[in-house]
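The structure is given below, and queries will be raised subsequently.
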Amino acid sequence: MPVVGLVLHQERPLARTLAHEVSAWLTDQGHEVRLTTEDAALVGASSGVEPGDFGTGLDLALSLGGDGTMLRTVRMTCACDVDVLGVNVGDMGYLTEVEPPRVIDALERYFAGDFGLEHRMLLAVTVHVDGAEQPSLTEYALNEAVVEKTAAGHTVRLGVALDGDEFTTYATDGLIVATPTGSTAYAFSARGPIVDPTHRALLLTPVAPHMLFDRTLVLEPSTEVGITVRGHRTASLAVDGRPTGMLGDGDVVRCRASHHQARLVTFGPREFHRILKSKFGLNDR
């Protein structure tokens, strides 16, 4: 029996309505439906699973929301290499594939084998307290990891090493380590380059650096980027927009390409330049 997980945008009534409709259809087709305990409470389901158990044994994850919901879905399923189908119930929907009226048709096509997969690079992000070899935290990111200042009106000093070799120390508001998918997210607002999302590279972009060197580095996907907090000013780490905690002097964040990939379900070619024009409202001149 195929197991299908539903992940909801928690503030949009349409996501809940779709969850009820999709659950009924999937159950009628003989599929098992899974939700997290948090999402189950939203739709009145009798039970759910913890986020850490959500991806285990899952055949397909259905994201009912916008790009934030897609990031949450990928985060909970990527370590289990689960296919993810995005339904646009958000504002931007840059990562999603289908609109709500087509969701049942999309599911029918998926189970008939009439679909493709677009593989997207993920970051593996680890935190090493005071430079310890063993990480105290491991996270995965589809978009980016961001190390930022915490004190208003001040910069933070962040030392960067590439594959263990010291590169430079930035006096900056923050540093963004992004995937090509994340090149159109926070890194884009920091004037980083736009990169085709199927490419493999790491993008290191400073945020408002107080130094002449302010360009994005586009690095080989095999590169490990190490960011060390230097000095008495603390920093924070956010992974795909989720705060993970505070960083002090000597703490290190390491980012590298994960051996896991996001597996995004598609129905036909996703022409990057056309999606870019549509989502960013670019017009022909």
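The values are calculated or read from the model by the stated rules, or taken from the named source; none is laboratory data. Remember, it's a predicted structure, so these values are computed and weren't measured experimentally. Cβ atoms come from the backbone with ideal geometry, glycine included; neighbour counts cover every protein chain shown. The accessibility values were calculated without ligands, DNA or RNA, using every heavy atom of the protein model including side chains. Shrake-Rupley method; radii C 1.70, N 1.55, O 1.52, S 1.80 Å.
Pick from segment 24-68 the residues that are open to solvent by 10 Å² or more (accessible area, probe 1.4 Å) and hydroxyl-bearing (S, T, Y): which of them is farthest from A262 (Cα to Cα)? Spell out the reasoning first.
Just the residues of segment 24-68 that are open to solvent by 10 Å² or more (accessible area, probe 1.4 Å), to begin with: 24-25, 27-35, 37-38, 41-53, 56-59, 67-68.
When the remaining residues are screened for being hydroxyl-bearing (S, T, Y), the result is 27, 37, 46-47, 56.
Values: T27: 26, T37: 23, S46: 30, S47: 27, T56: 15 Å.
Among them, the one singled out is S46.
Right, another one. Select from segment 46-63 the residues that are without any contact (Cβ under 8 Å) to a residue 12 or more places away in the chain and farther than 22 Å from R242 by Cα and write down the one among them that is farthest from the chain's Cα centre (by Cα).
S46
Quick check on this structure: which one of R109, R120, R102 is closer than 18 Å to A61 by Cα and crowded, with 21+ Cβ neighbours inside 10 Å? Working first, answer last.
Working: R109 fails: crowded, with 21+ Cβ neighbours inside 10 Å; R102 fails: crowded, with 21+ Cβ neighbours inside 10 Å.
Only one candidate qualifies: R120.
Residues are listed down the side, and each one gets a yes or a no for (1) modelled with pLDDT of 95 or more; (2) not aliphatic (A, V, I, L, M):
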| residue | (1), (2) |
| --- | --- |
| E21 | yes, yes |
| D28 | yes, yes |
| A45 | no, no |
| L62 | yes, no |
| V87 | yes, no |
| P100 | yes, yes |
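Continuing with the same structure: Give me a count of the residues in segment 123-139 that are surrounded by 14 or more Cβ atoms within 10 Å (Cβ to Cβ) and not hydrophobic (A, V, I, L, M, F, W, C). Please lay out each step first, then the result.
Pass one, segment 123-139, residues surrounded by 14 or more Cβ atoms within 10 Å (Cβ to Cβ): 123-129, 135, 137, 139.
If we keep only those that are not hydrophobic (A, V, I, L, M, F, W, C) as well, we get 126, 128, 135, 139.
Qualifying residue count, segment 123-139: 4.
Scan segment 64-85 residue by residue and report those that are assigned to a strand (DSSP E or B) and over 13 Å from the mean Cα position of the chain (by Cα). Give the steps one after another, and end with the answer.
Of all residues in segment 64-85, those assigned to a strand (DSSP E or B) come to 64-65, 83-85.
Correct list: L64, G65, D83, L85.
Further question on the same structure: For segment 1-16, give me each residue that is buried (at least 16 other Cβ atoms within 10 Å of the Cβ) and touching a His at 6+ places or on another chain (Cβ under 8 Å).
Once the filter is applied, which keeps residues that are buried (at least 16 other Cβ atoms within 10 Å of the Cβ) and touching a His at 6+ places or on another chain (Cβ under 8 Å), segment 1-16 yields V3, V4, A15.
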